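To start, the structure under review is shown below, and the notes come after it.
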Amino acid sequence: MVKDAAADGLRGVASLAVFFAHFFLPFYPVAFEPCFSGVSASGAPSSYVDSLLSLPIISTVWNGSFAVSVFFVLSGYVLCKRYVDTGRESVVRSMASRRYLRLGLPIAASVMFAWAVGVSIPSVIDQVSAVTGSEWLKSNSLRDLVFGDAVQDAVYGVLLGGSSRFNTVYWTMRIELLGSFLVFGYALLSGSGRQAVLVAATFFIIIVGVNPPEWPHFLAFLIGAWIAQLGLKVSGLAGWSLIIAGLYLGGVSSNEIYDPLRHIGLNGAQAKWICSTVGAAMLFVAVRGGIGRSLLEARPAQFLGRISYSLYLIHVPVVIGVGCTAFWWAVSEASLTRSAAVGVALVVSLPLSLALSVAFERWVDRRAILWGKRLTSGVATADRSEPERDSARRS
């Protein structure tokens, strides 16, 4: 399969957006209220920074939900495209046979990392949340969790049970696993022409009927597969129009600019995810048409794409454990203002997250791919271009 560098770059940018979402949540929770009601405590302090971060379209870039939808669309695209390119069923069987291991080994390592960080900062979450009013931060306390809980989640709790008690991003990993097999099944059964339409309609009915709360996420996987099958891409003025529409839909909030959507019945959490999924698909189709390709294929975006799965899995413990500790020191010891203390936290947590992600990608992520190939070497012969590695990088 020819590597899609623009897709890699888009994945990398999305992973950075998720980082900033979880970085701002502990310190400026009021900014997130238009998108995620209840993440800030009553009377939480607000400033011009909160107002700036909550502006429509700007908030789309870092609110997290849109980036997660982009991840799901990209997963569906990458997992289906290799089969589309080769036409070999053995390729799908090979990917499916090692999917749990490929996703699960990095998750297991990151759970243990999160547990170790949580043990070392028993009080910083309460201290910081008392200053910033972040209910989201308080909900990420690991105070009552023990090593046995970490082992359980590392082995099966995250991927099979959807547990996110050690890391808030883990809620997406069960969906990633199930969505992957949805794509595998669809790729093998879809065929072409009228048959493909009927199979697609059947799969859509199944995901809506079987899993009503989460079906927009699984729809994202199917949309990604459709993009791969049909080779969808749009350029020029139409492409830029899709970019603008995608960013608009990806940032659905209580802001008045989204009143037109509410008037047609698109309101509530599920409607938000529907809009986010459609917006992510629009963005990706435009990117495939060449919009922003030079930026996404540049070295910084490609670097982020390479480490995106690792960054996705480990950034929250770093933000909470190191970033919040630095913030608390800056406030309590250096007597800095909230904004200045946030700057200190960012200077510490972002470089550390990137550095640890590089190490994690090399020593954990790559080995998960290698061991998966070795254990399933008799299933099918796989080349060195690994679609699972691309698709698994998350949000």
With 10 Å bins from zero, work out the P(r) of region 196-274 over every alpha carbon pair and list the percent per bin. 16, 37, 38, 10
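Keeping all protein chains in place and using 1.4 angstrom, which order do Trp273, Trp226 fall into by accessible surface area, from largest down?
So the residues, ranked largest to smallest area, are Trp226, Trp273.
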Short version: ³J(HN,Hα) in whole Hz for each residue of region 154-168, in order, from phi by Karplus 6.51 cos²θ - 1.76 cosθ + 1.60 (θ = phi - 60°), x for Gly and Pro, what are they? 5, 7, 8, x, 6, 6, 9, x, x, 5, 10, 6, 8, 7, 4
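Please work out the average accessible area per residue across the chain, using the 1.4 Å probe convention, and give it in Å². Let's see the in-between values first.
Values: 16200 Å² over 395 residues.
Ligands and nucleic acids excluded, the result is 41 Å² per residue.
Among Tyr100, Tyr170, what's the order by accessible area (1.4 angstrom probe), most exposed first?
On the way: Tyr100 85, Tyr170 0 Å².
Per-residue accessible area, sorted high to low, gives Tyr100, Tyr170.
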Segment Phe204-Ile257, extension gain: residue separation times 0.36 nm, minus the distance between their alpha carbons: 16.1 nm
Once all Cα-Cα distances of region 61-166 are split into 5 Å bins that start at 0, what whole-number percent is in each one? 2, 10, 14, 15, 17, 15, 11, 7, 4, 3, 1, 0
Accessible area of Phe360 in the full protein assembly, 1.4 Å probe (Å², nearest 10): 30 Å²
What whole-number distance in Å separates the alpha-carbon centres of region 44-111 and region 349-373? 16 Å
Share of pairwise Cα separations in region 246-355, more than 17 Å, in percent: 70 percent
Which of the residue pairs Lys81/Lys373; Lys3/Lys272; Lys138/Lys373 have a Cα-Cα distance greater than 29 Å in the structure shown? Lys3/Lys272; Lys138/Lys373
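Relative to 2.2 N^0.38 Å, what does the C-alpha radius of gyration of region 310-365 come to as a ratio? Two decimals please. Walk me through the intermediate numbers first.
On the way: Rg = 12.6 Å, N = 56, 2.2 N^0.38 = 10.2 Å.
That works out to 1.24 for region 310-365.
Past the 31 angstrom mark, what percentage of all C-alpha to C-alpha distances in the chain do you count?
36 percent
Tell me the carbon and sulfur percent of the accessible area for the chain, rounded to whole percent, probe radius 1.4 Å. Don't jump to the answer; show the numbers that get you there.
Numbers: 10540 of 16200 Å².
Taking all protein chains in place, the chain shows 65 percent carbon and sulfur surface.
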Taking the Kirkwood radius as the inverse of the mean 1/r across Cα pairs, report the Rg/Rh of region 2-142. 1.08
Rounded to whole Hz, the Karplus (6.51, -1.76, 1.60) HN-Hα couplings of region 58-73, x for glycine and proline: 4, 5, 4, 5, 10, 6, x, 4, 5, 4, 4, 5, 4, 4, 5, 4
Student exercise, region 1-99 dipole from Lys, Arg, Asp, Glu Cβ charges, in Debye to nearest 20: 600 debye
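Ratio to report: Rg/Rh of region 101-250, with Cα atoms as the point set and Rh obtained by the Kirkwood method; give two decimals. Mind showing how you got there, number by number?
Values: Rg = 20.2 Å, Rh = 18.5 Å.
Rounded to two decimals, Rg over Rh is 1.10.
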Ignoring everything but the protein chains, give the 1.4 Å probe accessible area of Phe218 in square angstrom, nearest 10. 10 Å²
The alpha-carbon pair-distance distribution computed for region 1-63, with 10 angstrom bins and whole-percent values, is 21, 44, 19, 11, 4, 0
Amide H to amide H under 5 Å from Ser40: which residues, 5+ apart in sequence or cross-chain, H placed 1.01 Å off N in plane? Glu135
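The values are calculated or read from the model by the stated rules, or taken from the named source; none is laboratory data. All of these numbers come straight from a predicted model, not from anything done at the bench. Because the Cβ atoms are built from the backbone with ideal geometry, glycine has one as well, and the counts that use them run over all protein chains shown. Remember, those area values only see protein heavy atoms, side chains included, never the ligands or the DNA or RNA. Shrake-Rupley method; radii C 1.70, N 1.55, O 1.52, S 1.80 Å.
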